[in-house]
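In what follows, a single structure is set out as structure tokens and then discussed.
The values are calculated or read from the model by the stated rules, or taken from the named source; none is laboratory data. On a predicted model such as this, the values are computed, not experimentally measured, just so you know. Positions of Cβ are backbone-derived with ideal geometry, glycine not excepted, and every protein chain shown enters the neighbour counts. The protein model used for the area step is the full one, side chains on, heavy atoms only, and it has no ligands, DNA or RNA in it. Shrake-Rupley method; radii C 1.70, N 1.55, O 1.52, S 1.80 Å.
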Amino acid sequence: MPTEFPGLKPSDLPIPADFPIPGRADAAVVGAGVIGLCVAYELMKDGREVVVVDQGPIVGGAAAGSAGFITPSHVIPIAAPGVPRGVVRGMLRRTGPVTARPSLDPAYLGWIFRFLRSCTSRTAEAGAAALAALGFLSADLMEHLITEEGIDCCYRRDGLLHVYGDERVLAAAKHEAAEMERCGVAVEMLGHDEIREVEPALGDEVIGGFLCPNDAGLDPAMFLSSLASLLAGRGVRFAPHTRLLGFDSASDAVENLITSRGNLAVDRVVVAAGARSPEVASHLGNRLPIQGGKGYNVTVAAPRLGPRNNILIGDRWAALNPMGDRLRMTGWLELGRLDTAPSLKRLEHIESNVRSRVRLDPELTVLERWAGVRPITPDGLPVIGPAPGWRNVIYATGHGKLGLSLGPVTGRLVTQMAGGRSVDLDPAPFSPARFS
Ligand SMILES: Cc1cc2nc3c(=O)[nH]c(=O)nc-3n(C[C@H](O)[C@H](O)[C@H](O)COP(=O)(O)OP(=O)(O)OC[C@H]3O[C@@H](n4cnc5c(N)ncnc54)[C@H](O)[C@@H]3O)c2cc1C
């Protein structure tokens, strides 16, 4: 099944496929996903010579096929009280949204143990405050980046509509919305009739929901390909199809990246390898508890009957993003999976979940079927900060379901850290050392 992004072909970027790996760089970024590109953007603006290395094509990471939401409203970490019960209930009913791979792998079991330990009110509240600080700043930086650089990507900051067709789930969501408001998120509660005024395409089953007016949506593949082209045009060098195999180091500093296409001498390294970051970190003797969370999208030609808003179907955990002449539907989180093979069964399930809450044309023209992997930490917070034991390596990973939203702020923080300057917000909650 295709995993390509309409409108984007890596070969369209001004980066030759046989680009020779440069001999040295001020800063090497491992990973050309949304985090790697946002880090490269800020480092480039800070005057660094940057090389971005990726084992695949540029813009081949998980964000390109994501739902495309910029969600400063998503402040409740995935590790929160009540989450384990909801996950087990969904798994037993086989309706999703989450599945967990059965495994006795110690790293996987350790992750689940840490996750369960993080599902307390105290940890979730601290996590929510940290995510709010990160998300609010990032949403503004994203808007600034898109307008300042003239990035054409169907960006619109007109909110994210949460809709529900189940009384019990809606009641729980109202508590969650109150928590979000306590963290400073703007929330507009909507009853049965009001929500239909906002979104006429909702089906009869929808009983209410809420709007987060400060959230935004964009076409992520368009955003990322434009950003990559902009970077290439301003001197950032890319080494696609170049796999990081290890590091050459002297005492507490990395001196060379060892890659499948030769060595690269570096002053500084940023690891932004998404769900594969633990593998990269293992070459540095660090353990990052990050598990893959596989998700799917099916993208169709914009139907005649369909939504005009960005929608999250809260009781079915499916999302809809009308991106110009296309409509993207996303869903599922399969914990412990790193492969990106799309599953027809899962994709059909997403479509039927969407149809149970939103009216769509009976026939849809499928343009893309895709799967990608979120890098998920057990406490639901990203990992942004110096690698323990290394003075010139920074981790920028573990953004879970928020990588697109938190890319710009991550780039900003990493660049401030790399320059030895004070950072815009307290980085302690995101420190890699919290897992040591
Ligand atoms: C279905 C779905 C919907 C989503 N919706 C949203 C959304 O609406 N909003 C939002 O904010 N987030 C969303 N996300 C989450 C978001 O996509 C991720 O958080 C984000 O992509 C993580 O970015 P990253 O750059 O860390 O990792 P990735 O995008 O995975 O990029 C990592 C890169 O590192 C490279 N790499 C790995 N190992 C090596 C190595 N050894 N050598 C060289 N290169 C290497 C990989 O090839 C890859 O290109 C969604 C995710 C999914 C799956």
Query raised in the report: Mind checking which pairs have a first residue in the stretch 395-411 that is touching a residue at least 12 places away in the same chain (Cβ under 8 Å) and within 22 Å of N297 (Cβ to Cβ) and a second that is basic (K, R) and part of a strand (DSSP E or B), Cβ under 7 Å, 6 or more apart or different chains?
Result: G400/R374; K401/R374
Requested in this report: Within the stretch 261-270, identify whether any single residue is within 13 Å of the ligand (Cβ to nearest atom) and within 17 Å of the chain's Cα centre (by Cα), and answer yes or no.
Outcome: no
Report summary line: A careful count of residues in the stretch 315-330 that are at pLDDT below 95 and not acidic (D, E) gives 3
Query raised in the report: Hey, among D267, D219, D215, which residue is modelled with pLDDT of 95 or more and surrounded by fewer than 21 Cβ atoms within 10 Å (Cβ to Cβ)?
Result: D267
**Report entry** Hits in the stretch 41-73 - residues which are within 8 Å of the ligand (Cβ to nearest atom) and over 17 Å from A272 (Cβ atoms)
**Finding:** G65, A67, G68, F69, I70, T71
Requested in this report: Residue by residue through the stretch 285-298, note down the ones that are surrounded by 20 or more Cβ atoms within 10 Å (Cβ to Cβ), more than 7 Å from the ligand (Cβ to nearest atom) and more than 22 Å from A79 (Cα to Cα).
Outcome: N286, V298
Query raised in the report: Hey, which of the helices (runs of 4 or more DSSP H) in the stretch 151-249, taking only ones fully inside, have at least 1 residues that are closer than 19 Å to V358 by Cα and touching a residue at least 40 places away in the same chain (Cβ under 8 Å)?
Result: 167-182, 192-198
Query raised in the report: Just checking, which of G403, G385, G372 is within 11 Å of the ligand (Cβ to nearest atom) and open to solvent by less than 10 Å² (accessible area, probe 1.4 Å)?
Result: G372
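Tell me, yes or no, whether the stretch 390-409 has at least one residue that is modelled with pLDDT of 95 or more, out of contact with any strand residue (DSSP E or B) (no Cβ under 6 Å at 6 or more places or on another chain), part of a loop (DSSP other than H, G, I, E, B) and under 30 Å from F113 (Cα atoms). Full working, then the answer.
As a first pass, look at the stretch 390-409 and keep what is modelled with pLDDT of 95 or more: 390-409.
With the extra rule that they be out of contact with any strand residue (DSSP E or B) (no Cβ under 6 Å at 6 or more places or on another chain), the set shrinks to 390, 399, 402-404, 406-409.
In the following step, the residues that additionally are part of a loop (DSSP other than H, G, I, E, B) were identified as 390, 399.
Okay, now just the ones that are also under 30 Å from F113 (Cα atoms), so 390, 399.
Yes, the conditions are met somewhere in the stretch 390-409.
Restricting attention to the stretch 180-193, which residues are surrounded by 17 or more Cβ atoms within 10 Å (Cβ to Cβ) and under 24 Å from S121 (Cα atoms)? First the steps, then the outcome.
First pass over the stretch 180-193, keeping only residues surrounded by 17 or more Cβ atoms within 10 Å (Cβ to Cβ): 180, 183, 185, 187, 190.
Result: M180, C183, V185, V187.
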Query raised in the report: So, in the stretch 18-40, of the ones that are among the β-branched types (V, I, T) and either on the phi > 0 side of the Ramachandran plot or not in a helix (DSSP H, G or I) (or both), which residue ends up farthest from the ligand (Cβ to nearest atom)?
Result: I21
